Amino acid sequence: MKIKEILQTEGVEQEISVKGWVRTRRGSKRVSFIALNDGSTINNIQIVAEAADFDEELIKQITTGSCISVDGKLVASKGSGQAVEILASTINILGGADAEEYPLQPKKHSLEFLREKAHLRFRTNTFSAVFRLRHALTFAVHKFFNDKGFFNLHTPIITSIDAEGAGEMFQITSLDLEKLPKTKRGEVDYDIDFFGKKTSLAVTGQLEAELGALGLGQVYTFGPTFRSENSNTSRHLSEFWMIEPEIAFADLTQNMDLAEEFLKYCIQYCIDHNAEDLKFLDARMVEEENKLKKEERSEMGLLERLQFVIENDFVRLTYREAIDILRNSNPNKKKKFNYIIDGFGSELQSEHERYLVEKKFKKPVIITDYPKGIKAFYMRMNDDNQTVSAMDVLFPLIGEIIGGSQREERLDKLQARMQEMEICQEKLWWYLESRKFGSCPHSGFGLGFERLIMFVTGMKNIRDVIPFPRTPQNAEF
Ligand code: 4AD
Ligand code: MG
């Protein structure tokens, strides 16, 4: 039986078997108490092993980190820490763990240390809770869109297009890098590369999702995304997961409504299905916060913050309005921001986003209608010819969690913009044909999955919400 099931069992005095990893063993010469966990829940089951029933050598091998199977009787616990426990009749060591060498001793380890032990960190309370929540969120994403009649679309991971135009792509090739074939003009000859052209890992599945939406009506992708931006921050990964819905006939307002409903749904799903993990992480966060100076502590606990986001409407304002607020803000006037906002065209840095979300509105904020110069080519041009129909959803502690837009569905306008931005139209002939044949207004967005997990779990570093993080200079495991 899984420990989760056992702990919910009402009928005691039954024979059961359980397998799991030993968290701790304590006790006396007469009796040992083993805290066992199998990953099904944050809670351990207590195994009671009477010395008289077991070989002393066997008991000695039951150390922290070892894996055991236990047969015994489920009984009401005599101790106060738990309702039930297992009185063991047979114990087998499936895999020992040398007590001297096993890195995860039963004490508090730093997250940095555990990142180096990513192969073992699933066995800690914190990481098992985080990865159970990651699963719950995956499930919630699929359920949300399935219930709304969206179709999941698998878009290619290998691509020849830099759809975001940021030039942050990992090139892939089967050419021998030591002996690159050259053309007569001395350039690398991609004609004889594997795909007959220069290819890379995808930075988005959006352009293909748009093609899907313009036939299937509403689709969503959920896949790995690769970006070689060299930003070693607590919010960036080189390999992350993104969810990109794309909806035919939707305008920017409908797009924002969907994004807001989607985020609230995912958070509610975790509250409904992972209450114990959230309770644990909430307590963990309180402990962490208490180490900070008073003025650095957040005003809300984890659970409180999740509830707050579900219960409140997100604030919606245009980029121009945001710039006005920021320009007149105290940190801008007193030059406290690292980047001073001087007017239309300024990029919003995370310090500005956090000011709006955490200081000014104290709520999630959606900023719309950004200057065309700081956004991708595919966004729909507004009538002012200066701004595009874009939206960024900003969350407390996280900053940008979603980026999206209404798409430019008008062929002439799209071509004009591509020309302005020097984007090769021949390569994107298929994208342009979607505007030539049966085009229609449509919108979509991309949610950074790990940023959502950070928000829900309260983890402060994105490396701690993906099993095996990929970041600059790091591809271990
Ligand atoms: O804002 P971005 O770049 O938008 C797109 O890729 C669009 N194609 C989405 C769409 O309209 N279909 O990325 C979307 C989100 C960001 O808001 C952020 O949450 C996340 O993806 N993101 C990252 N997450 C982790 N590490 C990175 N390096 C990220 N870059 C973006
Ligand atoms: Mg963005």
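Just so you know, all these numbers are worked out from the coordinates, no wet-lab data involved. On a predicted model such as this, the values are computed, not experimentally measured, just so you know. Virtual Cβ from ideal backbone geometry, glycine too; neighbours counted across all protein chains shown.
Derived value for region 224-267: Kirkwood hydrodynamic radius 12.8 Å. Basis is the mean of 1/r over every pair of different alpha-carbon atoms. The Asp324 and Thr253 beta-carbon pair, evaluated with R₀ = 30 Å, returns a calculated FRET efficiency of approximately 0.90. By the compact-protein rule of thumb, 2.2 N^0.38 Å, the alpha-carbon radius of gyration of region 400-475 corresponds to a ratio of 1.61.
Relative to the Cα centre, what is the charge dipole magnitude of region 253-324, using +1 at the beta carbon of each Lys and Arg, -1 at the beta carbon of each Asp and Glu, and rounding to the nearest 20 debye?
Dipole size: approximately 220 debye.
Convex hull of alpha carbon positions in region 76-137: directionally averaged projected area 7.0 nm². Shown for the chain are the DSSP H helices of 24 Å or more along their axis, judged by Cα atoms, with a mean Kyte-Doolittle hydropathy of at least 0.0: 125-147. Sorted into 10 angstrom bins from 0, the C-alpha pair distances of region 17-76 split as 22, 61, 16, 1 percent. Dividing the convex hull volume of the alpha carbon atoms of region 384-425 by its residue count gives 103 Å³ per residue.
As an exercise, use a Förster radius of 60 Å and the Cβ-Cβ distance of Asp53 and Glu299 to find the FRET efficiency, rounded to the nearest 0.05. Don't skip to the answer; put the middle values down first.
Values: r = 53 Å, r/R0 = 0.89.
The computed FRET efficiency comes out at 0.65.
Across all C-alpha atoms in region 127-222, the radius of gyration and Dmax reach 18.8, 58 Å.
If you average 1/r across every pair of different Cα atoms in region 176-215 and take the reciprocal, what Kirkwood value do you get, in Å?
12.7 Å is the Kirkwood radius here.
Normalised Debye scattering of region 25-162 at q = 0.17, 0.18, 0.21 Å⁻¹ gives log10 I(q)/I(0) of -1.02, -1.09, -1.31, counting only Cα atoms as equal scatterers and leaving out solvent.
Only one residue of Val388, Phe308, Phe145 has its Cα farthest out toward the positive end of the dipole of the chain, where Lys and Arg carry +1 and Asp and Glu -1 on Cβ, and that residue is Phe308. Close amide H contacts of Thr318 (hydrogens built in the peptide plane, cut-off under 5 Å, sequence separation of 5 or more or a different chain): Thr368. With the convex hull constructed from alpha-carbon coordinates only, the chain shows a mean projected area of 28.9 nm² over all directions.
For region 303-426, what value does the Rg/Rh ratio take when both radii are computed over Cα atoms and Rh is the Kirkwood radius, given to two decimals? Using Cα coordinates only, the ratio equals 1.03.
Measuring r between the beta carbons of Lys291 and Val84 and using R0 = 30 Å, the FRET efficiency lands at 0.30. Rounded to the nearest 20, the size of the Cβ-charge dipole of region 1-59 about its Cα centre is 380 debye, with Lys and Arg at +1 and Asp and Glu at -1. Overall, the ratio between the Cα radius of gyration of region 38-109 and 2.2 N^0.38 Å, rounded to two decimals, is 1.18.
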